[in-house]
Structure formats: structure tokens, C-alpha cells
Amino acid sequence: MSSMYGATGAVSGMGRTGDMGSKIPSGYKQGRLQQFTPEQMELFRSMFSHVGPGSYLSRLAGGDESLFGEIEAPALRQFSGLQGNIASRFSGMGTGSRRSSGFQNTMNQAGSDFAQDLQSKRQGLQRQALMDMMGISDSLLGQRPYENFMVPKSKGFLESLLGGASGGLGSGIGGLLGKLFGL
């Protein structure tokens, strides 16, 4: 690669380590410019809680039984009511009708339909939660709240003075030697 940063990070031996774990070449210092307003930063940070390991979406995507139990509780109560209605309907037909194969078949079919519908909805919720998590994560990871950069370190007074003097001193000595030796 032609840049300082390869697939595994900064080229080693380039200098001290910066805030983000990257190597900073000697003679440079790291700078950081915040791109977001404080309100945007607060919103950005809070969005991570929606995709974190214990978040609602994460639990839903992972098939958390306790969460699905909470979600499915109203449907189970509704199904119990449906079973009661079926039993009442067959009870009104006369004695022994609740022991008939018609009653058993109706109850079994209702239970099977309910279980299939519940499983289908559960899978749909899990799939949607995964899609939502991927979308939110992609959006968050694509943001750049900070811009990191490197700038040359400013030279101290003596370093500046000696740096300029050494160039002038070198050319002066070179010119003097040239005149002495006829160069």
C-alpha cells in the first residue's frame, strides 16, 4: 500500500502511539476536529444503545424467549378465549358433543393454526429486527463524528535558530573553503 496505514493499522516504528491507537510519526502531533454539534453527539451516542447486546432489537433478533413471552401473552389470552367459544358452541349441541371427533378436530385445528401463525409472526419479527439492526448499525458506523489529522510539530526557539543558523553557517564555510582552495 502506498499510504502509511495498511490492513493491520499504522506502519510500526513510526513514533509514539496516539489516542486512537495509531502510530504518530516523530516530528508530528495528532489533532482532532469534532464534526458534530453537542446535540448531534448526544443523539449519536444514544443510538448505539438501540443496537447493543441488551437492546430490545438485539433481544428480538436473537429470539429471546422471555421477550417473545411478553409479546405473545395477549395472543395466548385471546386464544384461550377462542377455545372457550369453541367449547361453548359444541356444548350447545347436546350431551357428549365435546367428546366427539368434531370437537377434537376443531380444537386441534385451532391450536395448529394458532401455533403456525405465532411462529410465522415470530420469524417475521426476528427478521425485521435483524434488518433494523443492520440498517441502524450501518448508518452509525458510516458517521464520522471526529476528523483525525496530523500536523508537523512546531519547532522551539532554539531549534528554529540553530536550524536556520546551521544552513547559513554551512554555506558560509563552504564559500570560504572554496575561495581558499580555488574551487
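Just so you know, all these numbers are worked out from the coordinates, no wet-lab data involved. Only a predicted model underlies this, so the values are computations on that prediction, with no experimental measurement involved. Using ideal geometry, Cβ is built from the backbone for each residue, glycine included, and neighbour counts are taken over all protein chains shown.
As a rough footprinting exposure proxy, the listed residues 106, 37 were ranked by other beta carbons within 10 Å of their own, and the order from fewest upward is 37, 106.
Ranked for footprinting exposure by Cβ neighbours inside 10 Å, fewest first, 149, 79 give 149, 79. Residue by residue, the stretch 33-49 carries 3J(HN,Hα) couplings of 10, 7, 8, 9, 6, x, 5, 5, 5, 4, 5, 4, 5, 5, 5, 5, 5 Hz when phi is fed to the Karplus relation 6.51 cos²θ - 1.76 cosθ + 1.60 (θ = phi - 60°); x denotes Gly or Pro. Here's how it looks for residue 23: its modeled amide H is under 5 Å from those of 10, 18, which are all 5 or more places away or on a different chain.
Close amide-amide hydrogen proximity is noted between residue 28 and 153, each under 5 Å apart and 5 or more residues distant or on a separate chain (H modeled in the peptide plane; Pro and chain starts excluded).
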